[in-house]
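Each remark here refers to the structure printed beneath this line.
A short reminder: the numbers here are calculations on the coordinates, not readings from a lab. All values derive from a computational prediction rather than experimental measurement. Cβ placement follows ideal geometry from the backbone for every residue including glycine, while neighbour counts extend to all protein chains displayed.
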Amino acid sequence: MGLLGGCGVPTEGAPRAVAPPPGPFPSPGAIVATPTPTLTAGRTTEVLCFVSDDRLVRVERRVDGTPTVDAQLQHLLAGPTTAERDRGLTTALPGAVPVAAARPRGNEVDVDLGGAGDETGRSDEVLAFGQIVCTLTARSDVDTVAFFRAGAPLGVPRADGSLSRRPLTADDYAGLVAPR
């Protein structure tokens, strides 16, 4: 008792009843599967790519835990914060690229685009695809990003104006990235 008291744990004169934590409880001997965590604990830096003067600009945000690929894409789709807009940052995503879902597949992320569209390679599309590719490949667990529409590979505009159906990297948009 002297050691516990010295550690700041108060002593009590008599035992007391303790309410059990809320259940449900597994039956004895049952194996309980632990769900896969969606976030890594602790503060971390999330990289998002926005647009300023027709250039891609990396923005670093401090977040609680590492977001999933889809969560990070949703943060990008939400656009710049008020403070980031005050610094002149915008996004080319609304209307240019209708993103439906992102699915990791090893070190590649497959991005499904919703709705009908053409493969024109307009400048706002180039910036929009660049935002997605540069944001997702800034993650340590993503090397490439591939785009699909209705399950078929999509020809995506690169910085040099060419269309590519292959998985893309940040290098495909290096000519659009603003110097730091």
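Just a few scattered comments:
- Net +/- balance of residues flanking L76 in space, Cβ distance below 14 Å, scoring K and R +1, D and E -1: -1
- If you sort the three axes of the alpha carbon gyration tensor as a ≥ b ≥ c, you get a/c of 1.5 or more for the range 59-108 and a/b no higher than b/c, which makes it oblate.
- Summed side-chain charge close to T137 - residues other than T137 whose Cβ falls under 12 Å, Lys, Arg +1, Asp, Glu -1: -3
- Protection proxy ranking of 47-53, 57-63 - average other beta-carbon atoms within 10 Å, highest first: 47-53, 57-63
- Charge context of R166, other residues only, Cβ under 13 angstrom, K/R +1, D/E -1: -3
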